[in-house]
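Working notes, structure below.
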Amino acid sequence: MTVAVVVLAIAVVLLVALLSAVGAGTLARMDGATWPTAFTRAATTFAAVITLAAAVTAALSPFLT
């Protein structure tokens, strides 16, 4: 049961990160940015979401055990 919850949580975080990255890249292109700039913004957004999820997990880990 616990493994399934962890895998589901990882999948949700990755899905949110991918959707955020696509949105950031799309907004960058709509703003007139070049393709490399749009990819950079998308990658930065993806990394930020993953980092935020890791920070929240680290902060909540004492309460989860």
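When the chain is treated as a Gaussian network with alpha carbon springs shorter than 10 Å, the biggest mean-square fluctuation among ALA54, ALA43, ALA24 belongs to ALA54. Paramagnetic label reach from MET30 (point 7 Å along Cα→Cβ; backbone nitrogen cut-off under 18 Å): within region 41-65, residues 41-43, 45-46.
Helix 35-64 versus the longest principal axis of the chain: what angle, 0 to 90°, nearest 10, using Cα atoms? Helix 35-64 sits at roughly 20 degrees to that axis. Its Cα gyration tensor gives the chain an equivalent ellipsoid; the semi-axes, largest first and in whole Å, are 30, 12, 7.
Largest mean-square fluctuation among ALA47, ALA17, ALA55, in a Gaussian network model of the chain whose springs join Cα atoms under 10 Å apart, belongs to ALA55. Heavy-atom accessible surface of the chain, averaged per residue, reaches 76 Å², computed with a 1.4 Å probe.
The values are calculated or read from the model by the stated rules, or taken from the named source; none is laboratory data. Because the structure is predicted, anything quoted here is derived from the model rather than measured. Neighbour counts run over all protein chains shown; Cβ positions are idealised from the backbone, glycine included. In case anyone asks, the SASA skips ligands and DNA or RNA and just uses the protein heavy atoms, side chains included. Shrake-Rupley method; radii C 1.70, N 1.55, O 1.52, S 1.80 Å.
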